[in-house]
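Data first, discussion second: the structure below is written as structure tokens.
Read-outs throughout are calculated quantities, based only on the coordinates presented, and are distinct from any laboratory measurement. Since we're looking at a predicted model, the values are computed, not measured. Note that each Cβ is placed from the backbone with ideal geometry, even for glycine, and that neighbours are counted across all protein chains shown.
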Amino acid sequence: MPDLIAFGEVMVRLAPPHFQRLEQARSLDIEIGGAEFNTAAGLTRLGRTAGWVSRLPDNPLGKLIANRVREAGVSTDFVQYVPDARCGLYFLEFGASPRPSSILYDRKDSATAGVACGMFDWPKIFTGAKWFHVTGITAALSFGAAEVVDEAMHAAHAANMSVSVDLNYRSKLWTREHASQVMGLLLPMCDVLIASEADAEHLFGITGNDFTEVAKQLVDKFGVKTVVGTRREADLVWKNKFACVGYSAGKTYESAWYEVEIVDRLGAGDALASGLIHGLLDGDLKKGVDYGAAMGALKHTIPGDIPWINRDEVEAALKGQGLRIKR
């Protein structure tokens, strides 16, 4: 069975080439993307095994997604195909300073949003697995999706699995009040929380002088064991500094900083989550923070949401390998 099981929606991603706006586009580049799957794909790139649980329309778009998921090395054994259902879409406009990149969702009433409790046999899905990963994006899709996240987290704990949640607040999917209420009920079942300091303040009113103060309050409020966040300094849309920080059992762990030239920022946080889980599967938060930062930094350099990265590249980044051409 896979090391990790991820639950969430994968959408078809459509983006105008060459920094065009949607309203001027004559063609669209096709990729796929979904936070939980992106993380599962990152783990397979590090040599782990992963399975993805979801629902797809039983049509060519659903097959396109399933084919790409398998291409990334992630199992689709637990995917359900739904007749006459919709596929979630999102449209991405790449920005350039001072215009930020932007996303337009078309995912209402998608196959995944129509999920309900009892549709998945979680004890069977979790047999032999070690880790369950989900994000706040999935809980935001519908009332039924939030209930299934709750159902899956309870089943994961019954199976003695570790559970990670990436808060991933998306204001285009739900209100702050709704997100705060739902995630406030789900997070006590979480072992590892990935959350930005901004989201902690926006959703739960938690503030502090630094990450450690915020993390301590999240631990106290929800009972999570570990809190992990990203650090980003951005002077330009296409050039940032990027790092990872984690807190557990009274200790804070920090990665090195990476200067990144951004080809595609989408999926960087998901890649970080995959490196983090990779380290935590070995029982080593410092390793997870370091691998997470390297994975996230490298993902910025790759088009699409999927972290097409191999372990040797991650370890070279960790060693500070330079930019000489590899021959």
Completion exercise
Per-residue Cβ contact counts at 10 Å, fewest first, order Leu104, Leu92 as Leu104, Leu92
Problem - In nm, spacing of pseudo-spin labels at Ala198 and Tyr105 (7 Å Cα→C-beta vector) - result: 1.7 nm
Exercise for the section: Taking the Cα centre of region 104-197 as origin, sum charge times position over the Cβ atoms of Lys and Arg (+1) and Asp and Glu (-1), and report the length of that vector in debye to the nearest 20. Expected result: 160 debye
Practice task
Using only alpha carbon pairs under 8 Å that are at least six residues apart, calculate the relative contact order of region 97-189 and give it in whole percent.
Solution key: 30 percent
Problem - Rounded to 5, percent antiparallel among DSSP beta bridges of region 4-318 - result: 50 percent
Practice task
Could you tell me which of rounded, prolate or oblate describes region 1-55, using a ≥ b ≥ c as the square roots of the eigenvalues of the alpha-carbon gyration tensor, with rounded for a/c under 1.5 and, failing that, prolate when a/b is larger than b/c and oblate otherwise?
Solution key: prolate
Completion exercise
Expected sort for Arg176, Arg26 with the fewest Cβ neighbours (10 Å cutoff) up front is Arg26, Arg176
Problem - Electrostatic dipole magnitude of the chain [Cβ: Lys, Arg +1; Asp, Glu -1; Cα centre; debye, to 20] - result: 680 debye
Fill in the blank from the handout: Between Leu56 and residues 5 or more places away or on another chain, the pairs with built amide H atoms under 5 Å apart involve Gln80, Tyr81, Val82
Handout entry: Cα-based convex hull, region 4-318, per residue volume (Å³, whole number)
Key = 126 Å³
Completion exercise
Ranking Ala271, Val74, Pro303 by how far each Cα lies towards the positive end of the charge dipole of the chain (+1 on Lys and Arg Cβ, -1 on Asp and Glu Cβ), the top one is Pro303
Exercise for the section: Take the Cα of Phe19, step 7 Å along the line toward its Cβ, and report every residue of region 204-235 whose backbone nitrogen sits under 17 Å from that point. Expected result: 235
Handout entry: Residues Ala316 and Asp210, FRET efficiency given R0 of 41 Å [Cβ-Cβ distance, rounded to 0.05]
Key = 0.85
Practice task
Using only Cα positions of region 15-134, each an equal point scatterer, no hydration layer, compute I(q)/I(0) via Debye at q = 0.15 Å⁻¹ and quote the log10 values to two decimals.
Solution key: -0.80
Completion exercise
Residues Asp235, Asp264, Asp58 in order from fewest to most other beta-carbon atoms within 10 Å are Asp235, Asp58, Asp264
Practice task
Determine, for region 190-278, the count of lysine pairs separated by eight or more sequence positions (or lying on different chains) whose alpha-carbon distance falls under 19 Å.
Solution key: 4
